[in-house]
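The values are calculated or read from the model by the stated rules, or taken from the named source; none is laboratory data. Since we're looking at a predicted model, the values are computed, not measured. Ideal geometry is used to build each Cβ from the backbone, glycine not excepted, and the neighbour counts take in all protein chains shown.
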Amino acid sequence: MRLKGFDRLVSEFQRLPGIGAKSAARLAYFLLRAPREEADRLSQAISESREAVRRCSVCNTLTETDPCEICSEPERDSTLLCVVEEPGNVAAIEKTREFRGRYHVLWGALSPLKGIGPEEIDVAGLIRRVTPEVREVVLATNPNVEGETTALYIARRLKPTGVRVTRIAFGLPVGGDIEYADEVTMARSLENRREL
Amino acid sequence: MRLLELTTRGFRNLSSDIVSFGPGWNLVVGENGQGKTNLLEAVALLCGQRSFRRASPSDMSADGESFSIEGTLRRGFSTEDLSVEWSSGAGRRFCRSGKEISFREASGLAPAVFLAPEHRAIVTGPPEARRRFLDRLLLGYRPAAGADLAAYDRALKERNALLSRIRDGGWGRESTAELEAWTEELARAGDAVRRHRREGLAAFSAVFSELAKPAGKEYAEISVSYLPGESSDLLETLEKMLPIERARGRTLAGPHRDDLLWSRHGRPLEGRASAGEVHRLVALAKTAEWRVVRDAAGETPLFGIDDFDAGLSSASLDRFFDGLPEGTTVVLTTASDVSRFPAVPATVLHMSAGRTTSDGARAAESHGESHGMARI
């Protein structure tokens, strides 16, 4: 017996990141077994958030007000710009309360394998934002091959502007014990050691 | 490291019965086609390695869809449960006591070296076989090198995808800076891979020379070197090759095209060594690998040898057993009758139609005394 509506729901869930066929079917069963209001609440939340949440016209992060809260804060240091891949990265850096500059969200990293080139991520918008007022651009893309290459690419593109370009450091987690660090992290920490 | 037990499900022709290994040497005997090599292959997969027969997971799966291998290991005073599952949908997944771990962690947990007839390719096969041999040694010698090997592989795939797009007419306004960034990242990862490989090879060469001396002058004079030499600058080479690469749509230089050169008195060995010499040389190379991994891991690696006595005379057999390591699980497969090895202190596992039965350990009391580690 084919249930077209059920199959459609499963296939929609499967399009979400990290959801395979089994998880998609489990979610679909859950929603069909739950009281109708529960499913309606989810559907309404999706629909309303799509209406209310948009990209900030300045930094690209997700926001309900445009410009976003961070871009609207006058006391933020406009000479310091931090470049990240995804909006979630902004929240992670904000939690530290250490960074008082502004952000630029690329929405991805270069990956020819996935068909993502410079035009698919917002490098052009970043270059427009690097005005003479900007003193430093901090590249906080992910520490993997795609994130590193994106950082190298941006550094090359920003070179003619003369702005200072820095890359976030990689190494041991604070509060951890050297004895329990994995070999890769330990090797990177030694590579990125600093003079005291 | 000792392998205590192994269970497979849906793996080649093996039954799902528990296989119990003895402490030390284990002789897996049986006619051809019964599953001896399959058992050794299952041990290799559990230890975080690929099939030494270069078989794909779907070829190793009885139904082409999935298989699982579970094992119990003893490391020092602790016992560990390790497992690997493969399915066509989810790929390979390793677990330690039920918790998922990476293949690198599995390799580190169960260090192992395997020697099979296919390893002749280390000397006589294509460069790819020699690179694979060196990279496998590296994972045991310096586990952190695994991240650089994976990064290089990823950067190579990405750069090749870009070059292929450029070849097919996708050269856009941004392509020059994009290609330069990928070239720089590839060169960075490639330099790291070459550095690890040269250092790993230096450690290997020192042990190999030591082992080759007692094997005779013809082996003592053999050396192995990495190509290209130290003076090669990858970034410079890639920049020079760019016009050809853009036309061909792929990367034409880097660690994925490097090679190892076996030579004697500066002359390449390939085509000059007899079949017997190659056989001995590969055994010495694998024994050297075992020792390099042991010294680096601080844990005695398991040693697995497929079809170990093929082509060995009785005199060579005695020498072979004298050279085997102690203090770890050694798995030896043979199609010979067990009566060929009357005095060998080993657990005998009979393999028939994928099912293993054990005779128990033979002469276990002499095991560990008569066969000194000094030789390996």
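Looking only at residues in the range B:173-188 that are out of contact with any Ser or Thr (no Cβ under 6 Å at 6 or more places or on another chain) and facing chain A (nearest Cβ under 7 Å), which one is surrounded by the most Cβ atoms within 10 Å (Cβ to Cβ)? So the residue we want is B:GLU178. For B:SER83, the criteria (1) among the polar types (S, T, N, Q); (2) within 14 Å of chain A (Cβ to nearest Cβ); (3) touching a helix residue (DSSP H, G or I) at 6+ places or on another chain (Cβ under 9 Å) hold in every case but one, which is (2).
Condition check ((1) surrounded by fewer than 20 Cβ atoms within 10 Å (Cβ to Cβ); (2) small (Gly, Ala, Ser); (3) not assigned by TED's automatic domain parsing to the domain that holds B:PRO255) across all residues:
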residue: B:LEU73; (1), (2), (3): no, no, yes
residue: B:PHE77; (1), (2), (3): yes, no, yes
residue: B:TRP86; (1), (2), (3): no, no, yes
residue: B:ARG96; (1), (2), (3): yes, no, yes
residue: B:ARG104; (1), (2), (3): no, no, yes
residue: B:VAL123; (1), (2), (3): no, no, no
residue: B:PRO127; (1), (2), (3): yes, no, no
residue: B:ARG132; (1), (2), (3): yes, no, no
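Against the conditions (1) more than 17 Å from the chain's Cα centre (by Cα); (2) within 18 Å of A:ASN142 (Cα to Cα); (3) not aromatic (Phe, Trp, Tyr), A:GLY88 satisfies every one except (1). For B:ALA161, work out the one condition from (1) touching a residue at least 12 places away in the same chain (Cβ under 8 Å); (2) facing chain A (nearest Cβ under 8 Å); (3) in contact with a Ser or Thr (Cβ under 9 Å, 6 or more places away or on another chain) it doesn't fulfil. Here B:ALA161 meets the rest and fails (1). Evaluate the range B:241-257: report whether one residue or more is surrounded by 16 or more Cβ atoms within 10 Å (Cβ to Cβ), under 21 Å from B:SER205 (Cα atoms) and in contact with a strand residue (DSSP E or B) (Cβ under 6 Å, 6 or more places away or on another chain). Looking for residues that are surrounded by 16 or more Cβ atoms within 10 Å (Cβ to Cβ), under 21 Å from B:SER205 (Cα atoms) and in contact with a strand residue (DSSP E or B) (Cβ under 6 Å, 6 or more places away or on another chain), one finds none in the range B:241-257, hence no.
Is it fair to say B:LEU201 is over 29 Å from B:GLU239 (Cα atoms), more than 12 Å from chain A (Cβ to nearest Cβ) and surrounded by 19 or more Cβ atoms within 10 Å (Cβ to Cβ)? Walk me through how you get there before you give the answer.
Numbers: over 29 Å from B:GLU239 (Cα atoms): no; more than 12 Å from chain A (Cβ to nearest Cβ): yes; surrounded by 19 or more Cβ atoms within 10 Å (Cβ to Cβ): yes.
Criteria not met by B:LEU201.
Could you check the range A:154-196 and list, in sequence order, the residues that are touching a strand residue (DSSP E or B) at 6+ places or on another chain (Cβ under 7 Å) and within 14 Å of chain B (Cβ to nearest Cβ)?
So in the range A:154-196, the residues touching a strand residue (DSSP E or B) at 6+ places or on another chain (Cβ under 7 Å) come out as A:154-155, A:158, A:163-168.
A:ILE154, A:ALA155, A:LEU158, A:VAL165, A:ARG167 - these are the residues of the range A:154-196 that are touching a strand residue (DSSP E or B) at 6+ places or on another chain (Cβ under 7 Å) and within 14 Å of chain B (Cβ to nearest Cβ).
Within the range B:326-341, being at pLDDT 80 or above and either closer than 20 Å to B:ALA285 by Cα or not β-branched (Val, Ile, Thr) (or both) holds for B:THR328, B:THR329, B:VAL330, B:VAL331, B:LEU332, B:THR333, B:ALA335, B:SER336, B:ASP337, B:SER339, B:ARG340, B:PHE341.
Go through the range B:1-18 and count every residue that is in a loop (DSSP other than H, G, I, E, B) and more than 11 Å from B:GLU70 (Cβ to Cβ).
At the first step, the residues of the range B:1-18 found to be in a loop (DSSP other than H, G, I, E, B) are B:1, B:10, B:12-18.
Filter once more, so that each one left must be more than 11 Å from B:GLU70 (Cβ to Cβ): B:1, B:10, B:12-15, B:17.
Selection size over the range B:1-18: 7.
Take the residues of the range A:129-152 that are among the charged types (D, E, K, R) and under 17 Å from A:GLY101 (Cα atoms): which is nearest to the other protein chains (Cβ to nearest Cβ)? Here the residue is A:ARG129.
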